[in-house]
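All remarks here apply to the structure that follows.
The values are calculated or read from the model by the stated rules, or taken from the named source; none is laboratory data. Keep in mind that this is a model prediction, so the values were computed, not measured. As a convention, Cβ positions derive from the backbone with ideal geometry for all residues, glycine included, and neighbour counts pool all protein chains shown. All accessible areas refer to the heavy atoms of the entire protein, side chains included, with ligands and DNA or RNA removed. Shrake-Rupley method; radii C 1.70, N 1.55, O 1.52, S 1.80 Å.
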Number of protein chains: 2
Amino acid sequence: MQELAFQITPLSCDYNLRLLDFVEPAGLHWVGNCNELNAAYAADGYDRINGFSALITTFGVGELSAINGIAGAFTEKSPVIHIVGSPSRSDQEKRAKLHHTLADGDYRHFATIASHVTRAQTNLLDAQTVPHQIDEVLKQAMIHSQPVYIEVPDDMADVCVSATGLKTPLCISDDLPSDNEPIQPVLDRIYSATQPLILVDGECRALDIVNGELPSLYGNYTGSLGSDIYKAYFESADLIISLGPHHTDTNTANFSLIPLESVTVSISKNIVQIGDKVHRDISNGFLSRLLGALDVKRIPKVEGPPRSPAESDHVDHDPQGPPIQKSFWRFVKRLFRKGDLILTETGTASHGGRHFKLPSGSRLFGAVTWLSMSYMLPETLGAALAKSESDPENHRAILFIGDGSLQMSVQEISTIIKENLNVIILVINNDEYTIERTIHGRKQGYNDIAVWRHRYALQFFGAEEKHATENCFTARNYSELEIILANDRIQEGKGLKMVEVYMGREDVQGAPLGLLKKQIAEEDSQ
Amino acid sequence: MQELAFQITPLSCDYNLRLLDFVEPAGLHWVGNCNELNAAYAADGYDRINGFSALITTFGVGELSAINGIAGAFTEKSPVIHIVGSPSRSDQEKRAKLHHTLADGDYRHFATIASHVTRAQTNLLDAQTVPHQIDEVLKQAMIHSQPVYIEVPDDMADVCVSATGLKTPLCISDDLPSDNEPIQPVLDRIYSATQPLILVDGECRALDIVNGELPSLYGNYTGSLGSDIYKAYFESADLIISLGPHHTDTNTANFSLIPLESVTVSISKNIVQIGDKVHRDISNGFLSRLLGALDVKRIPKVEGPPRSPAESDHVDHDPQGPPIQKSFWRFVKRLFRKGDLILTETGTASHGGRHFKLPSGSRLFGAVTWLSMSYMLPETLGAALAKSESDPENHRAILFIGDGSLQMSVQEISTIIKENLNVIILVINNDEYTIERTIHGRKQGYNDIAVWRHRYALQFFGAEEKHATENCFTARNYSELEIILANDRIQEGKGLKMVEVYMGREDVQGAPLGLLKKQIAEEDSQ
């Protein structure tokens, strides 16, 4: 049984106002975001730490503004409960041409749209069925770890319904018989393996098996971009247990890291695949039952590949030179401490973040598949909120974000300030969408952005004046950056801190961006 | 034949980058917005001045972020051409699990979603049919004055297609025979009327008949909220010619202003209704043909109702008191001059704007039906861009917006600065969503917003430092406001100016908000 930790991150608007009256009296924490897309991102972020979250928006305008965030949660398996306050049942029955509708009397457009990006949808039209309807969509969210959609007509907000169902915890683990699940075939594969490995993939969070501290951890597998020895071991393995496979281009280095089917046991939510044989309808908790049945003595003793030499903590850098991609990501690691949330926005930050070695208990957020630019700032808000519930004093989130991405969702800085969260934002200022420029259009005007003065951000977005002036930093070279990272306010300070790091245009490093850069250099020399 | 004035307001992202290479070489002006929703709003704004506009976004993330803006344009009849750069045809055929997809191999989700909020959709998969496909959706946009959706796979951006079609202007006016259209029945109604009136309604822009300077203009008709004499005349009229009817709750004072069907001739795009008889398939230009056939001598001479006394220019106000809703909207009219664009955001601004008397050649933007909060700031960008094309030096746009709305789309201030547009933003600072508070939840925390320091806005968003400090103003009382409105920079200055006007919480005035306020006062006294 998973705990339902609800987080409400809505924006108020008329069709949901009556519904909102019930939020705070129910003991839920109210977070008013600056706009609905940011609210959806934040709800997703809360989710990824605390398991579940809820987002309330109004009909039409509100829900459509949020839908890109819901689609991302759908794609990357984050169960946001999207609650939509809709016009009253009588207005819907009359097909009234109300504001926030398409003025055509059709009230089903938006639910139909939502059906593409949510796992289940329900419309609370009947007090007798409401408890059952809500339970059913919540179960779908739990089973599939994906968003669901609940419409609440304005006149339903204060209708009394049966509370009997609340006495029984929502439980999905025993819904299916587990007699026929393929425990033994997997055990057989394990016992007979001579060169096995476990691949922990993108949908492991949904399987509740996030743990970056296994003693046998070899680090990120990056195929031909990493160690040749690891690659050889991977490619000649006779058993790959693939946990939470997520086989998209961006998550598999353009499909190059997908293990060979014949040697693979892949375990997803509700599906276990052994070689080419697919077992469906597996109930939650398969992995626990597998471990329960495992005879540890029969696990083959294997050596594994020789480990790559530990990366030195020394970072080659020119103290008077500007931070460059090649060394920045290893240089900045000194900032991290136990339990940190570290978030890296799509772009150079997310690529750079792959070089981080994480302290224990910390969590790294990177780009997976949806890759909606600017997502990571509101995500930081949501994740930090979730973390602050268990650790109000010492929670800390560190966001790395490019100046281009920042512009898209920048107003959510004010909610981080309002919620008094301990967040450090490192803005990579290179006056452009570097990642886009690397991909295409290196010298095109469409990759230029307006130049902002980030040093005014905290003051503009309402931080206390003294705090604002003391907690904005700028680094133009490594020596300045070193001093900033050692600063007490950065190390121990509360609230929001912002560090602007100036890096050069077209400075990208590390595969695959490094390869693209090499290509550009070759083009230039022609 | 309408002119196609294209405005590109996109945000770059990988699947559309190749497409973007063709924008500037084609002589189009490139505007990079801060995010896609703001870009859609801006495209809509450009549209409403210059007739057509185009928005380019990437697949999935980009188009879903923009969809709320497209839905608004669909509802309020603004023909935005939404161009989506999608993955290559080969990736789509392979059902590749690419980033920006839902990772399920289905490439049709987003076009299906778009079909709810666009008039026509097309997917450019075949070079032989591309010219015809584009022409057909553009015609749909022209006929219905609504958005259309064009998918351009990445590998189609540079495919050569036949240019023959470009020799013939896209023309829709003669597509239908006009022999059977009901000219004579309408003329008969006109010739026999004894108490006629013309009601100019919300979809007149689509009919190309926007003109606020008719000598026989009586002003806004507001039913029981306005003059009793006008109401009596309206309700006993024997002919109401309703141009561009748009019968939504917000556009008809909750359906109270809809004329009686039996006395009404209503003229929409492609539909003419006389009494209860609906004539469909009317080709564009019906109104011109009707006027051509009209025998002016046979128009009955009627008196019309006695006019309400002209509103005095004197505004009762306390120079040392804070601006209040009751007098602010009439006080601030002194700012307006010939040709201004005046934009009033959903909320108290839009209600207040109904009291404006407009100088000649000016245009007022108010809330109609979609009412997406924050829409009006990017709309200002788009409309001012459109206006600046015909008047680069002296164009001017004046935006009235509440502090709550401003937060949702605030970053687009930077694009107004970047594009060097002459814009005055009056921020109504009352620390809350007043309009929501009036409707419901007057004392609820969910209507509170974070407090920002607007005086840093221009500096933060990158205005030249001197310009920024000289063009931010704050008015806490009428005397300060008077001085600011007379300031040369406000009167004649170029670029962006911001005036923050502090008004009290819960200060709303004028019907229907005034009535709600009265109700609140009554509740309080109980």
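Using a 7 Å projection from Cα along Cα-to-Cβ, the label point at A:Ser262 is separated from the same position in the remaining copies by 8.6 nm, smallest value first.
Give me the summed buried accessible area for the A-B pair, 1.4 Å probe, to the nearest 100 Å².
On the way: alone 24880 and 24880 Å², together 43260 Å².
In total, chains A and B hide about 6500 Å² from solvent.
In a simple Cβ point-charge model (Lys, Arg +1; Asp, Glu -1; nothing else charged), chain A has a dipole of about 840 debye relative to its Cα centre.
For A:Ala310 and A:Asn394 in one chain, what is 0.36 nm times their gap in residues minus the Cα-Cα distance, to one decimal in nm? Each step should come with its number before you reach the end.
On the way: separation 84, 0.36 × 84 = 30.24 nm, distance 2.98 nm.
Using 0.36 nm per residue and subtracting the Cα-Cα distance, I get 27.3 nm.
Evaluated with a Cβ-only charge set (Lys, Arg +1; Asp, Glu -1), the range B:183-298 carries a dipole of roughly 300 debye about its Cα centre, given to the nearest 20.
Tell me the per residue accessible area of the range B:183-298 using a 1.4 Å probe; a whole number in Å² is fine.
52 Å²
Expressed to the nearest 5 percent, the antiparallel share of DSSP beta bridges inside chain B is 15 percent. Over the protein assembly as shown, the pair-distance histogram of Cα-Cα distances with 20 Å bins from zero comes to 12, 42, 34, 10, 2, 0 percent, rounded to whole numbers.
Most simply put, the range B:183-298 has about 45% antiparallel DSSP beta bridges, counting only bridges with both residues inside it.
Surface exposure of the range B:14-162, expressed per residue as accessible area with a 1.4 Å probe, stands at 29 Å².
With a cut-off of 11 Å between beta carbons, the residues surrounding B:Glu63 carry a summed charge of -2, where Lys and Arg count +1 and Asp and Glu -1.
Here's the picture: a label point sits 7 Å out from the Cα of A:Leu170 along the beta-carbon direction, and within the range A:256-292 nothing has its amide nitrogen under 11 Å of it. Both the radius of gyration and Dmax for the range B:84-126 are 10.8, 29 Å, in that order, over alpha-carbon atoms.
Separation of the range B:37-115 from the range A:77-112 is 21 Å, based on Cα centroids. FRET efficiency for the pair A:Arg280 and A:Thr194, taken as 1/(1 + (r/R0)^6) with r the Cβ-Cβ distance and R0 = 22 Å, rounds to 0.15. How far is the Cα center of the range A:133-147 from the Cα center of the range A:259-301, in Å? Cα centroid to Cα centroid, the span is 24 Å.
Pairs of alpha-carbon atoms within less than 8 angstrom and 6+ residues apart define the contacts here; what relative contact order does chain A have, in percent? Each step should come with its number before you reach the end.
Numbers: 972 pairs, mean separation 66.3, N = 526.
13 percent.
Highest mean packing comes first when the peptides A:78-85, A:139-146, A:160-167, B:152-159 are listed by Cβ atoms within 10 Å, giving A:78-85, A:139-146, B:152-159, A:160-167. Placing unit charges on the Cβ atoms only, positive for Lys and Arg and negative for Asp and Glu, gives the protein assembly as shown a dipole magnitude near 620 debye about its Cα centre. Enumerate the residues in the range A:278-318 having an amide nitrogen under 19 Å from the point lying 7 Å beyond the Cα of A:Ile229 toward its Cβ. The answer is A:302-313, whose backbone nitrogens lie closer than 19 Å to the label point. Rounded to the nearest 10 Å², what accessible area does B:Arg189 show when all protein chains are kept and the probe is 1.4 Å? About 70 Å², ignoring ligands and nucleic acids.
Compared with the alpha-carbon gap, the fully stretched path from B:Thr474 to B:Phe22 is longer by 158.3 nm at 0.36 nm per residue.
Among the residues of the range B:31-48, those with an accessible-area drop of 40 Å² or more from chain alone to full protein complex, heavy atoms and 1.4 Å probe, are B:Cys34. The eigenvalues of the Cα gyration tensor, multiplied by 5 and square-rooted, give the range A:183-298 an equivalent ellipsoid with semi-axes of 22, 17, 14 Å from largest to smallest. Residue-wise HN-Hα couplings along the range A:242-257, as the Karplus relation 6.51 cos²θ - 1.76 cosθ + 1.60 with θ = phi - 60° gives them from phi, are 9, 9, x, x, 9, 8, 9, 4, 6, 8, 9, 6, 6, 6, 7, 10 Hz; Gly and Pro carry x. Taking the 1.4 Å solvent-accessible surface of chain B as the whole, the part contributed by carbon and sulfur is 51%. Across peptide A:369-376, the mean count of Cβ atoms from other chains lying within 10 Å of each residue's own Cβ comes to 6.
Averaged over all directions, how much area does the convex hull of the C-alpha atoms of the range B:14-162 cover when projected, in nm²?
Working: hull surface 33.0 nm².
So the mean shadow area of the Cα hull is 8.3 nm².
For A:Phe22, the label point sits 7 Å beyond Cα toward Cβ; its separations from the matching points on the remaining copies run 5.2 nm, from shortest to longest. What the Cα atoms of the range B:38-103 give is an Rg and a Dmax of 13.9, 43 Å. Between the residues A:Asn477, A:Val152, A:Ala367, the greatest Cα displacement towards the positive end of the dipole of chain A, with unit charges on the Cβ of Lys, Arg, Asp and Glu, is found for A:Asn477. A:His132 label point (Cα plus 7 Å toward Cβ) to equivalent points in the other copies: 5.3 nm, shortest first. Full extension of the chain between A:Lys494 and A:Leu260 gives 79.4 nm of extra length, using 0.36 nm per residue less the Cα-Cα distance. Using a simple spin-label model with pseudo-atoms 7 Å out from Cα toward Cβ, B:Gln320 and A:Glu136 lie 6.7 nm apart. Taking a straight Cα-Cα cut-off under 19 Å and skipping sequence neighbours fewer than 8 places away in the same chain, the lysines within cross-link reach of A:Lys338 are A:Lys357, A:Lys387, A:Lys494, A:Lys497. Here r is the Cβ-Cβ distance between B:Asp295 and B:Leu217 and R0 is 25 Å; the resulting FRET efficiency, rounded to 0.05, is 0.60. Provide the percentage of antiparallel DSSP beta bridges, counting only those with both residues in the protein assembly as shown; round to the nearest 5. Here the share of antiparallel DSSP bridges comes out near 15 percent. Rounded to the nearest 500, the helix-only mean residue ellipticity at 222 nm of chain B stands at -9000 deg cm²/dmol, with each DSSP H run of n ≥ 4 adding -39,500 (n - 2.57).
Contact residues in the range B:233-250 (at least 40 Å² less accessible area with all protein chains than alone, 1.4 Å probe): B:Asp249. A dipole drawn for the protein assembly as shown from +1 and -1 charges on Cβ atoms has a positive end, and of B:Gln320, B:Ile113, B:Asn33 the residue lying farthest that way is B:Gln320. Annotation: amide H of A:Ile424 within the under-5 Å range of A:Ala397, A:Ile398, A:Leu399, A:Lys497, sequence separation 5 or more or interchain, hydrogens built in the peptide plane. Plainly put, the range A:127-173 has a radius of gyration that is 0.99 times its Kirkwood radius, both from alpha-carbon atoms, as the Rg/Rh ratio.
Kindly give Rg over Rh for chain A, based on alpha-carbon atoms, with the Kirkwood expression for the hydrodynamic radius.
Values: Rg = 24.6 Å, Rh = 25.0 Å.
That ratio equals 0.98.
Projected label points at B:Leu358 and B:Ser162, each 7 Å from Cα along the beta carbon direction, are separated by 4.4 nanometres.
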